[in-house]
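The values are calculated or read from the model by the stated rules, or taken from the named source; none is laboratory data. This is a predicted model, so every value here is computed, not measured. We place every Cβ from the backbone using ideal geometry, glycine too, and count neighbours over all the protein chains shown.
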Amino acid sequence: MVMEDLTNVNRNRKYISDGLSAVKMTFLQNMNDMATAPRFSPEMVYQHFGDEETIYGYDDLEVTIHHTAQTLHCYVNISYSSKVKNDKGLEADDIVEKLVHPDVRPNVLVSGKGEFQQKLLGQKDFKPFGEMVHKFRSKGKDFEVYRVSEQSEEFNLFLERIQTLGMFFIECCSLTDNSEENWLHYFIYERCDTGEGDGSTVANVVGFATLYKFYNYCDKIRPRIAQMLLLPQYRKSGIGAQFMESFLRDLRATPEVFDVTVESPGEQFTYLRDYVDCVNCMSLPEFSSENLKNGYTEDMRSACLTKLKISKMQSRRVYEILRYRATNKKDKEALKAQRIDVKKRLYVPMKRSDKDWRRLNMALTAEELRQAACGEIDEDNKFLTLVQMYDKLMESYQKTIDRIEAHPNIF
C-alpha cells in the first residue's frame, strides 16, 4: 500500500510545473519572428497561479505569451507532452483562464493565430497616446516619452493591456480605474524603422509609469508613483533611469506639483529612484562634499523640494547616501561621525513616547519603522539593533554608490 501511494505521488509530481520556468513571453513585429524571437521569463506569477506559483496537470509544459510589440495584444501558445487524467477530482489547470481575468480577456487575448496576425498587421498604424514630453538617444536607439491624461475608450483598453502585462513584473499590480481624473500616465517607446525602405517608423512599447495626483493644500498636488514597468528586453541598459528622469523633469516643470512621492516601492525601484535623485542632487551646491560632512540641513531639504520636487524623507536619504560616498573610509573619525549621524536618526523611535509615533513617518521609511519597533527592549539590544540596521542600510547605499561611480550621468 505504501509503495502504491508513493507511486501515485511521483506520478502526480511530474504534472506540477514551476510557473516561472514554464511561462515565457515574446514581443513581435511580425509573424515571421514568432519562432526565433527572444523569450523572456516573468518575475512573478502568484496572481495567476497562486502563492506557490505552480501549474498543475501538464508534463513538459511550455506556455508562450506572444505580444504585439506596439499594441500588446496577446496570443497564448501552450505545449506539453502529456496531460493528467481526471484523478480523484483533480483536474488540470485551465491555463488561459488563470492567465487573464475574464473581464479583460476579450481585450487582451486573441482567439487564434489568424486574429493575432491581423493584430500584427494593424499595429503598424499605432500612434502613441498623449503628448511627447521628452526624447533621447541611448546606445544607438531613439526613445520618446509621452504624458497621457486622457480617458478615451481606446486608451483605456491599451492601458488595460499593459497593466495586465504588469502583473507579471510589479508586486500587487492591479488595473486602475482610468475614469478617475486624478490618474496620470507616462509611456516610453522606442522609435524603430519598419524595414520597408521608405523611412517609415513604428513606436514599440518600452514601459510605463502610473501616478495618482493627491491634493496638497492649498493649490498644489502631490503626484505619487503607483506603478512603473520597463519591459524585460530594455532592462540593464540605463533606460529605466532615463525614463524616470524624463517624466520627473516634466513634473518638476509643472508649477502645481509640490513634490513627487512613491507608493510602497520595491527594492529594485528604490535603487533606481535613489540613483536618479542622487545624481541630480550632486549638482546642487547644498550637497557639496564640504556641506555633506556638516550634516543634513534645512537648506538641503529646501533645495531638494524647490528645485527637484524631492520629498523631505527622500532628501534625507539622498543626503545619507552622498555623505557616505564622500566619506573617506580610511578616516576613522570621519566614518565615525557619519555612522553616528545615521544612527541618531535610526534611534529616534526607540526613545520617543507613544504619542510621538505618529510623527515618525517624517523620519523613517516603513521598513525602518518595522525594524525599529523595539522601544521597550534593553539598551544592549537597542545597540545591537542599531548596528544591524546601520550595516544593512550602508550595504544598500553602497549599491547606489557603485552605480553612480559607473554611470555618473543619467543621459
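Which numbered condition trips up residue 147, out of (1) basic (Lys, Arg); (2) modelled with pLDDT of 95 or more; (3) over 18 Å from residue 183 (Cβ atoms)?
So the condition that residue 147 fails would be (3).
Which one is farthest from residue 148 (Cα to Cα) among residues in region 235-252 that are hydrophobic (A, V, I, L, M, F, W, C) and touching a helix residue (DSSP H, G or I) at 6+ places or on another chain (Cβ under 8 Å)? Walk me through it before giving the result.
Going through region 235-252, the residues hydrophobic (A, V, I, L, M, F, W, C) turn out to be 239, 241, 243-244, 247-248, 251.
In the following step, the residues that additionally are touching a helix residue (DSSP H, G or I) at 6+ places or on another chain (Cβ under 8 Å) were identified as 241, 244, 248.
On the way: 241: 20, 244: 15, 248: 14 Å.
Within region 235-252, the match that is farthest from residue 148 (Cα to Cα) is 241.
Residues checked against (1) at pLDDT 95 or above; (2) hydrophobic (A, V, I, L, M, F, W, C); (3) closer than 21 Å to residue 230 by Cβ; (4) in the same structural domain as residue 16 (by TED's automatic domain parsing):
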residue	(1), (2), (3), (4)
61	yes, yes, no, yes
77	yes, no, no, yes
101	no, no, no, yes
142	yes, no, yes, no
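Among the residues of region 283-294, is any touching a residue at least 40 places away in the same chain (Cβ under 8 Å), crowded, with 18+ Cβ neighbours inside 10 Å, closer than 21 Å to residue 411 by Cβ and touching a Phe, Trp or Tyr at 6+ places or on another chain (Cβ under 9 Å)? Can you show your working first?
Narrowing region 283-294 to residues touching a residue at least 40 places away in the same chain (Cβ under 8 Å): 293.
Of the ones still in play, those that are also crowded, with 18+ Cβ neighbours inside 10 Å are none.
No: zero hits.
For the list (1) under 23 Å from residue 368 (Cα atoms); (2) modelled with pLDDT of 95 or more, I need the number of the one condition that residue 267 fails.
Going through the list (1) under 23 Å from residue 368 (Cα atoms); (2) modelled with pLDDT of 95 or more, residue 267 breaks only (2).
Which of the residues that make up region 179-201 are touching a strand residue (DSSP E or B) at 6+ places or on another chain (Cβ under 9 Å) and either surrounded by fewer than 20 Cβ atoms within 10 Å (Cβ to Cβ) or not assigned by TED's automatic domain parsing to the domain that holds residue 246 (or both)? Spell out the reasoning first.
At the first step, the residues of region 179-201 found to be touching a strand residue (DSSP E or B) at 6+ places or on another chain (Cβ under 9 Å) are 180-194, 199-201.
Within region 179-201, 180, 181, 182, 183, 191, 192, 193, 194, 199, 200, 201 meet the criteria.
Taking the conditions exactly as written (touching a Leu at 6+ places or on another chain (Cβ under 6 Å), within 16 Å of residue 393 (Cβ to Cβ) and assigned to a helix (DSSP H, G or I)), does residue 316 satisfy them or not?
Numbers: touching a Leu at 6+ places or on another chain (Cβ under 6 Å): no; within 16 Å of residue 393 (Cβ to Cβ): yes; assigned to a helix (DSSP H, G or I): yes.
In short, no.
Could you give every pair whose Cβ atoms fall below 6 Å, whose first residue belongs to region 72-97 and is exposed (fewer than 10 other Cβ atoms within 10 Å of the Cβ), and whose second residue is among the hydroxyl-bearing types (Ser, Thr, Tyr) and assigned to a helix (DSSP H, G or I), counting only separations of at least 6 or pairs across chains?
Correct list of pairs: empty, since none qualify.
Give me the residue from region 102-141 that is surrounded by 13 or more Cβ atoms within 10 Å (Cβ to Cβ) and among the small types (Gly, Ala, Ser) and, out of that set, nearest to residue 235 (Cα to Cα).
138
Considering only residues that are touching a helix residue (DSSP H, G or I) at 6+ places or on another chain (Cβ under 9 Å) and aliphatic (A, V, I, L, M), which ones fall in region 185-227?
188, 202, 205, 206, 209, 211, 225
Which of the following residues is at pLDDT 95 or above, over 30 Å from residue 136 (Cα atoms), surrounded by 13 or more Cβ atoms within 10 Å (Cβ to Cβ) and not hydrophobic (A, V, I, L, M, F, W, C): 339, 345, 352?
On the way: 345 fails: at pLDDT 95 or above; 352 fails: at pLDDT 95 or above.
After ruling out the rest, the residue left standing is 339.
Show the residue pairs meeting these rules: Cβ distance below 8 Å; 6+ apart or different chains; first residue within region 161-182 and modelled with pLDDT of 95 or more; second residue among the acidic types (Asp, Glu) and assigned to a loop (DSSP other than H, G, I, E, B).
Sorted first by the residue in region 161-182, then by its partner, the pairs are 168/43; 169/43.
Inside region 216-271, can you point out the residues that are of a type outside the set (Asp, Glu), within 22 Å of residue 401 (Cα to Cα) and either assigned to a helix (DSSP H, G or I) or in contact with a Cys (Cβ under 7 Å, 6 or more places away or on another chain) (or both)?
239, 240, 241, 242, 243, 244, 246, 248, 268, 269, 270, 271
What number of residues within region 102-125 satisfy the criterion of being within 25 Å of the chain's Cα centre (by Cα) and touching a residue at least 40 places away in the same chain (Cβ under 8 Å)?
So the answer is 3.
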